[in-house]
Amino acid sequence: MAAELGRVRALLRCPRCSRPLEAREGVMACTGCGTRFGEDEVAIDLVSGDERRMSFGARAMHSSFLARIYESFWRPLSLALSTGFSMPARDAEASLVARALGDAAGPWLDVSCGPGGISNRIAARAPERSIVAVDLSRAMLARARVANPDAIRIRADAARLPFEDGAFGAVINLAALDLYPEPARVVKEMARVLAPGGALVASAFLSSDTLLGSRVLRQTLTSTAGIHPLSQQELEDLVARAGLARRDHWRFGRYLLLSAKKPAAREAL
Ligand SMILES: C[S@@+](CC[C@H](N)C(=O)[O-])C[C@H]1O[C@@H](n2cnc3c(N)ncnc32)[C@H](O)[C@@H]1O
Ligand SMILES: [Zn+2]
């Protein structure tokens, strides 16, 4: 565990200036801009301070109450409603994600891990990989700690992932894309921290362009709450624009899981 944490620390970069961090007087400090970052038993805290642009949905995730009921109530309910009760069971979803990531080299990154229910299940299916769990909500990370005290947890904004380029063999991002103010930026960040040849599995609650007025509803959600429901095509376009090659997808009603690959260095030439 200590060796794993040491390896992950070496991958950390400052969310402000992207320079490496070093341990200085018991805290992590940036070797470029000098910013010091806190750390406690819940997480290494690498948030740069620009949280004003959080969507209403993302803000709700900072509630300890929501974090507490998320696994038992909130996630099952959101999935049931968006899939017309055809949602995959959590174990089946974790198996599907682990299979899609296959033998991608470690470490793996779970972006917006929430209370860690899914990433713990994926970790159990790929015990030889270490999984680094990232979320912006301290309440969610605190619950993730209860579920698995040994996991490596980092508090960070998905739009500024505090890792060096190509740090991870696989990136997981489940049920969070619609909560980001700039989903395109997050997908680009996930592509950046993927190693060449690395795999991404992302999922989202889709909007539907076929529903009367849904475009208006989407614009209202975006302008009032900062929530960005995406269509399947928009999600696929985000992935392609980030330089990733789409591989497969699995659709359960309005819940879509999608896998993609970062081209290996020689494929990108
Ligand atoms: C609906 S939960 C999904 C949790 C988990 N991935 C799952 O599938 O159960 C969305 C998560 O995204 C996190 N989140 C929202 N905005 C974020 C951001 N800008 N950076 C990192 N995490 C964010 C929330 O705190 C919340 O834990
Ligand atoms: Zn810095």
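Laboratory data are not the source of any read-out in this text; all were calculated from the coordinates shown. Please read these numbers as outputs of a predicted model, since none were measured by experiment. We place every Cβ from the backbone using ideal geometry, glycine too, and count neighbours over all the protein chains shown.
Hey, fewest Cβ within 10 Å first, where do 130, 112, 48 land in order? Provide the component values of the computation, followed by the final result.
Working: 130 20, 112 25, 48 17.
Listing 130, 112, 48 from fewest to most nearby Cβ atoms yields 48, 130, 112.
Helix 90-101: angle to the longest alpha-carbon principal axis of the chain, degrees 0 to 90, nearest 10?
70 degrees
Measure nothing fancy, just the Cα-based angle from helix 214-225's long axis to the longest principal axis of the chain, in degrees from 0 to 90, nearest 10.
Helix 214-225 sits at roughly 30 degrees to that axis.
To make sure I understand, if each residue's beta carbon is the centre and we count other beta carbons within 10 Å, what order do 97, 193 fall in, fewest to most? Intermediate values should be presented prior to the final figure.
Working: 97 27, 193 21.
The fewest-first ordering by Cβ neighbours comes to 193, 97.
In degrees between 0 and 90, to the nearest 10, how far off the longest principal axis of the chain does helix 138-147 point, with axes built from Cα atoms?
Value to nearest ten degrees: 80.
Projecting each Cα onto the charge dipole of the chain (Lys/Arg +1, Asp/Glu -1 at the beta carbon, about the Cα centre), which of 113, 205, 11 comes out farthest on the positive side?
So the residue furthest toward the plus end is 205.
At q = 0.15, 0.17 Å⁻¹, what is the log10 ratio I(q)/I(0) for the chain, with the Debye formula run over Cα points and no solvent?
-1.13, -1.49
For Cα pairs less than 8 Å apart in space and 6+ apart in sequence, what is the mean separation divided by the residue count of segment 65-163, i.e. the relative contact order in percent?
Numbers: 119 pairs, mean separation 24.5, N = 99.
Value for segment 65-163: 25 percent.
Do the sum for the chain: with -39,500 (n - 2.57) for every DSSP H run of n ≥ 4, divided by all residues, what is the mean residue ellipticity at 222 nm, to the nearest 500 deg cm²/dmol?
Values: 11 runs with 98 residues, N = 269.
It comes out at -10000 deg cm²/dmol, rounded to the nearest 500.
Out of all DSSP beta bridges with both ends in the chain, state the antiparallel percent to the nearest 5.
Values: 23 of 42 bridges.
Among the beta bridges of the chain, antiparallel pairing accounts for roughly 55 percent.
Looking at segment 1-93, which trypsin sites (Lys or Arg not before Pro) are DSSP coil and have at most 15 other C-beta atoms within 10 Å of their C-beta?
Numbers: sites: 7, 9, 13, 16, 24, 36, 52, 53, 59, 68, 90; in loops: 16, 52, 53.
Those that pass, being in a loop and sparsely packed, are 52, 53.
Cut-off 10 angstrom, C-alpha nodes, Gaussian network model of the chain. Which of 127, 183, 196 fluctuates the most?
For the chain, modelled as a Gaussian network with Cα springs under 10 Å, the answer is 127.
List 37, 168 from most exposed to least, where exposure is judged by having the fewest other Cβ atoms within 10 Å.
Details: 37 22, 168 29.
By the 10 Å Cβ count, ascending, the order reads 37, 168.
Rank 26, 114, 106 by mean-square fluctuation in a GNM of the chain with C-alpha springs under 10 angstrom and give only the top-ranked residue.
26
Would you mind computing the Rg to Rh ratio of segment 80-145 from its alpha-carbon coordinates, Kirkwood style for Rh?
Working: Rg = 12.7 Å, Rh = 12.7 Å.
Rg/Rh for segment 80-145 comes to 1.00.
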